[in-house]
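Visitor: Here you go, one structure.
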Amino acid sequence: MNPPSSAPENIVLIGFMGCGKSTVGRELQHRLSYPLVDMDQVIEQRAGKPITALFAEEGEQAFRDMETDLLIELNDPAAPRRIISTGGGVVGRAKNRALLKQLGYVVWLHAPIAVILERTRHNRSRPLLHTEDPAARIQSLMAARQPLYQESAHLKLDAAGLRCEELATGILECARYFFNNRPC
Ligand code: S3P
């Protein structure tokens, strides 16, 4: 993108579980050759256990604290160009929402509930969906989070209507425009 500047130029992907943040993150990494930080993976490495075990043994708040600590670390002027793929609940804390905006260009990948349900149905790695009625849980979490994603994002994209390559192209063009026109 641009020659190095002091303002961070990370691309940050937010959105509900199953919306494709990790896949799009890998595509962006491939195109830009920026390092990819998958926040869930980093937290699992640090905790030394999968997220399901972390939730079960230490509670959701312990996970959320690790999420906030990692966002603080990622706001690092020495490493201002990364692709950052977040967990779906990262927007829950006001502090996190402020940190996301400081990181760079924030993209909300949005998908309808039916698509989320289908994509998450066979995956047991998401403790918040270990419930009798995952559809109802998705619906209530989505309702609570939509305004928070909206508040946090510079760009909202329909992640179900476009292929991963198309999403990456759209994100790169919009991010370039954003970084070029951002007030100093
Ligand atoms: C969560 C989403 C998960 C993971 C954790 C909590 C959430 O990440 O961070 O299970 O609160 O929505 P993905 O969005 O990558 O599935």
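The values are calculated or read from the model by the stated rules, or taken from the named source; none is laboratory data. What you see is a predicted model; the values in this text were computed from it and never measured. Neighbour counts run over all protein chains shown; Cβ positions are idealised from the backbone, glycine included. We work out accessible area using only protein heavy atoms, side chains counted, and drop any ligands, DNA or RNA first. Shrake-Rupley method; radii C 1.70, N 1.55, O 1.52, S 1.80 Å.
Visitor: Could you tell me whether segment 37-46 includes any residue that is in a loop (DSSP other than H, G, I, E, B) and either within 9 Å of the ligand (Cβ to nearest atom) or open to solvent by 70 Å² or more (accessible area, probe 1.4 Å) (or both)?
Guide: Within segment 37-46, none of the residues are in a loop (DSSP other than H, G, I, E, B) and either within 9 Å of the ligand (Cβ to nearest atom) or open to solvent by 70 Å² or more (accessible area, probe 1.4 Å) (or both).
Visitor: Moving to a separate point now. Residue by residue through segment 47-71, note down the ones that are more than 9 Å from the ligand (Cβ to nearest atom), open to solvent by 20 Å² or more (accessible area, probe 1.4 Å) and within 20 Å of Lys21 (Cα to Cα).
Guide: Pro50, Met66
Visitor: Identify all residues within segment 72-93 that are assigned to a helix (DSSP H, G or I), within 22 Å of Cys19 (Cβ to Cβ) and aliphatic (A, V, I, L, M); write none if there are none.
Guide: Leu74, Val90, Val91
Visitor: Check Ser85 against each of (1) open to solvent by 10 Å² or more (accessible area, probe 1.4 Å); (2) closer than 20 Å to Leu28 by Cα; (3) at pLDDT 95 or above and name the one condition it does not meet.
Guide: (1)
Visitor: OK, next. Can you tell me which residue in segment 1-28 is nearest to the ligand (Cβ to nearest atom), limited to those that are open to solvent by 10 Å² or more (accessible area, probe 1.4 Å) and at pLDDT 95 or above?
Guide: Checking each candidate, the answer is Met17.
Visitor: When you scan segment 29-36, do you find a residue that is touching a residue at least 12 places away in the same chain (Cβ under 8 Å), within 13 Å of Ser152 (Cβ to Cβ) and within 14 Å of the ligand (Cβ to nearest atom), even just one?
Guide: No: zero hits.
Visitor: Okay, moving on. Please verify whether segment 72-82 includes one or more residues that are within 14 Å of the ligand (Cβ to nearest atom) and either among the hydrophobic types (A, V, I, L, M, F, W, C) or open to solvent by 70 Å² or more (accessible area, probe 1.4 Å) (or both).
Guide: Among the residues of segment 72-82, not one is within 14 Å of the ligand (Cβ to nearest atom) and either among the hydrophobic types (A, V, I, L, M, F, W, C) or open to solvent by 70 Å² or more (accessible area, probe 1.4 Å) (or both), which makes the answer no.
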